[in-house]
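Notes to accompany the following structure.
The values are calculated or read from the model by the stated rules, or taken from the named source; none is laboratory data. Remember, predicted model here, so these are calculated numbers, not experimental data. Because the Cβ atoms are built from the backbone with ideal geometry, glycine has one as well, and the counts that use them run over all protein chains shown. When the accessible area is computed, the model is the full protein with side chains, heavy atoms only, and any ligands, DNA or RNA have been set aside. Shrake-Rupley method; radii C 1.70, N 1.55, O 1.52, S 1.80 Å.
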Amino acid sequence: RRAMSIRAKSTPVPKIALSPTHPKYEEINKVVSSHLLRLDERTETGADTWQCIAEDGELKVYKREIEENGMVVDPLKAVHTVTGITGHEVCHYFWDVSVRMDWEVTLDSSDAIEWLSEDTFVSHNVLKRVWPASTRDAVFWSHIRHVGGESDEDPNRWIVVNYSCDHPKIPVSNKFVRITMNVAMICQTIIEPPADGNITRDNIRCKISYTADVNPGGWAPASVLRAVYKREYPRFLKRFTQYVMDATADKDILF
Ligand code: 16C
């Protein structure tokens, strides 16, 4: 029933390298589809009521203030448009755990603990400590997927989702407070072909939509947390997209 309603809105049929018999297959498809649907609804209605917390050129970061049992769980979303890189490139570098520590400045460590398929793995991540709160860790699966348009008019997208899960290798311990998250990076490449038809990096732009629903997992002072978010999310988007521009500048374009 759910799949029907998603299809009716013409969200492309998901392709997944993970076997349909894998225990995570349903969950991954469901989470990916809901992110794509959320994005479609957002662009369709445009009737969002979000508070802008940062704006810098094409970059805009928004939040909604929500507390659950006294804990800040503000949903966050950002949009950005960057010239010279494709959605495939942005998503690839966001997903590739072997380069995560090259651009992540909020983590102390990040280790892949299990590969579920060639496009999905589970990692354990230890965050840098923010005084006066205790150190946090996170275990989540990361999944990358190309969502091709069904017709020429349909957007051709790449998506990465980082979604919290349990893993027997890394049970919750008293060493860290476990945070949980549902993070998505969705990208669309815009190509403006030059008259000579020879597409270079000057002719491509990437429209990025990033959303993060994070539960800090335990007590953290709301004002400090909101101040850290306000500073760190824009910094992440600028730093990460610059990282992708630098990493791809001399490489063939990965469409
Ligand atoms: O999406 C991002 N990175 C991905 C790959 O690593 C992945 C990770 C998401 C982590 C999101 C963490 C959210 C913060 C948790 C709350 C920590 C409580 C601290 C208590 C404060 C009083 O999807 C990019 C994520 C960009 C994250 C920006 C916000 C991060 C705050 C993290 C705190 C460490 C700051 C260290 C300052 C140098």
*asked:* So in segment 234-249, with the set limited to residues that are under 19 Å from the mean Cα position of the chain (by Cα) and open to solvent by 30 Å² or more (accessible area, probe 1.4 Å), which one is nearest to the ligand (Cβ to nearest atom)?
replied: Phe236
*asked:* Among the residues in segment 175-190, are any of a type in the set (Ser, Thr, Tyr), more than 12 Å from the ligand (Cβ to nearest atom) and in contact with a helix residue (DSSP H, G or I) (Cβ under 6 Å, 6 or more places away or on another chain)?
replied: yes
*Output the residues belonging to segment 127-143 that are basic (Lys, Arg) and near the ligand (Cβ under 6 Å from one of its atoms).*
Lys128, Arg136
*Considering only residues that are within 16 Å of the ligand (Cβ to nearest atom) and more than 16 Å from the chain's Cα centre (by Cα), look in segment 57-66 and name the one that is most open to solvent (accessible area, probe 1.4 Å).*
Glu65
_In segment 195-222, the residues that are of a type in the set (Ser, Thr, Tyr) and more than 9 Å from the ligand (Cβ to nearest atom)_ = Thr200, Ser209, Thr211
*Return yes or no: is Asp102 charged (D, E, K, R), without any contact (Cβ under 8 Å) to a residue 12 or more places away in the chain and more than 19 Å from Arg226 (Cβ to Cβ)?*
no
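Pick from segment 144-167 the residues that are more than 16 Å from Leu36 (Cα to Cα) and within 16 Å of the ligand (Cβ to nearest atom): which of them is surrounded by the most Cβ atoms within 10 Å (Cβ to Cβ)?
Here the residue is Ser164.
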_Listing of strands (runs of 3 or more DSSP E) fully contained in segment 67-133 that carry 1 or more residues being surrounded by fewer than 16 Cβ atoms within 10 Å (Cβ to Cβ)_ = 76-83, 107-117
*What is the number of the single condition among (1) within 23 Å of the chain's Cα centre (by Cα); (2) open to solvent by 50 Å² or more (accessible area, probe 1.4 Å); (3) modelled with pLDDT under 95; (4) among the aliphatic types (A, V, I, L, M) that Ala227 does not meet?*
(3)
